[in-house]
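Working notes, beginning with the structure itself.
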Ligand SMILES: Nc1nc2c(c(=O)[nH]1)N[C@H]1C(S)=C(S)[C@@H](COP(=O)(O)O)O[C@H]1N2
Ligand SMILES: [Mo]
């Protein structure tokens, strides 16, 4: 019998749900929030003896066209990432669609102010892109619609000396980037994710392929072009969030011996190739690796792993990914499941 943990088995072109770094390993089937337990109880819970299976065997597949459902893109970055990565208490001003403007200024012949309505009348582009936070597990893959930054820049006369571009919000949030990086990567100013407009004209956001989300300034009000002595370097993900991996299943069912359990999740390294996804059913003593070196680097690796249970007990599946340069996910993702006689 085939079972998926949680309630859904998702096809590759359908949406997948988001998990922030997978599931923490409490005891078998125990749904107790960590804050309800004393530290000692937490330790006891974590001390559950999982049945260990060396060199876990299963059937592996992956695809790359799965998208995060739009609502979850908004939730993920609207809540979780906000507390970690944005200023505390970050809130959008209630700017109406008609009164939302962006200034293109700095080393330009003449500052140009352009309204959101005019931006929406420009040539629209739709691209699949990742949004991956450099300092949290948050990661989404979305189809975004907007205009190319280079199309915006063609509206002004840029001083040929300009080598730096910064997308700022009204409070000055924004990180400088090399201008060539932004045009080569075909960065976009996005006003729509999936089929939903960003809320009430407030959230015109920069999206750039292969780039961590701290560069994805929200609620852009100023595009500043400048000449720097040293062109700023574009930073990648923090070491902890290289080869980002996640199991998306949530714990619910109990399985019977002989049941097939379908796990799914993603792996991504922000533009670097994921060359393998690895699973362990013995707390990391042995890992079974599955090759993903055919994967492109534009899209995440959305994997499925089918495992047929062989004995009763409580189990913990750990997943990690290996990037092209050999970096192994420092933070494995895990899921606990239970099997009955
Ligand atoms: N204006 C503004 N934009 C911002 C930030 C911010 O603090 N202010 N934080 C960045 C970080 S670190 C992340 S992870 C993303 C979150 O994506 P979101 O805009 O979809 O919420 O926003 C980026 N854009
Ligand atoms: Mo972030």
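Just so you know, all these numbers are worked out from the coordinates, no wet-lab data involved. Bear in mind that the values here come from a model prediction, so they are computed numbers and not experimental data. Please note: Cβ atoms are built from the backbone with ideal geometry, for glycine as well, and neighbour counts cover all protein chains shown.
Observations on the structure shown:
- When the P(r) of segment 213-341 is calculated, the portion above 18 Å amounts to 61% of the C-alpha pairs.
- If the chain linking residue 157 and residue 341 were pulled fully straight, counting 0.36 nm for each residue of separation and taking away their Cα-Cα distance, it would gain 58.9 nm.
- Averaged over residues, the count of other Cβ atoms within 10 Å places the peptides 111-117, 67-73 in the sequence 67-73, 111-117, highest first.
- Base-10 log of normalised Debye intensity for segment 70-226 (one unit scatterer per alpha-carbon) at q = 0.11 Å⁻¹: -0.39
- Working ranking of peptides 224-232, 124-132, 329-337 by packing, defined as the average number of other Cβ atoms within 10 Å per residue, highest first, is 329-337, 124-132, 224-232.
- Looking at segment 70-226, the DSSP beta bridges with both ends there are about 85 percent antiparallel.
- Multiplying the residue separation of residue 184 and residue 117 by 0.36 nm and subtracting their alpha-carbon distance yields 21.5 nm.
- Label-to-label distance for residue 57 and residue 110 is 7.4 nm, based on points extended 7 Å past Cα in the beta-carbon direction.
- Burial order of peptide ranges 97-109, 188-200 (average beta-carbon count within 10 Å, highest first): 188-200, 97-109
- Each of residue 289 and residue 308 was given a label point 7 Å from its Cα along the Cα-to-Cβ line. The distance between the two points is 2.6 nm.
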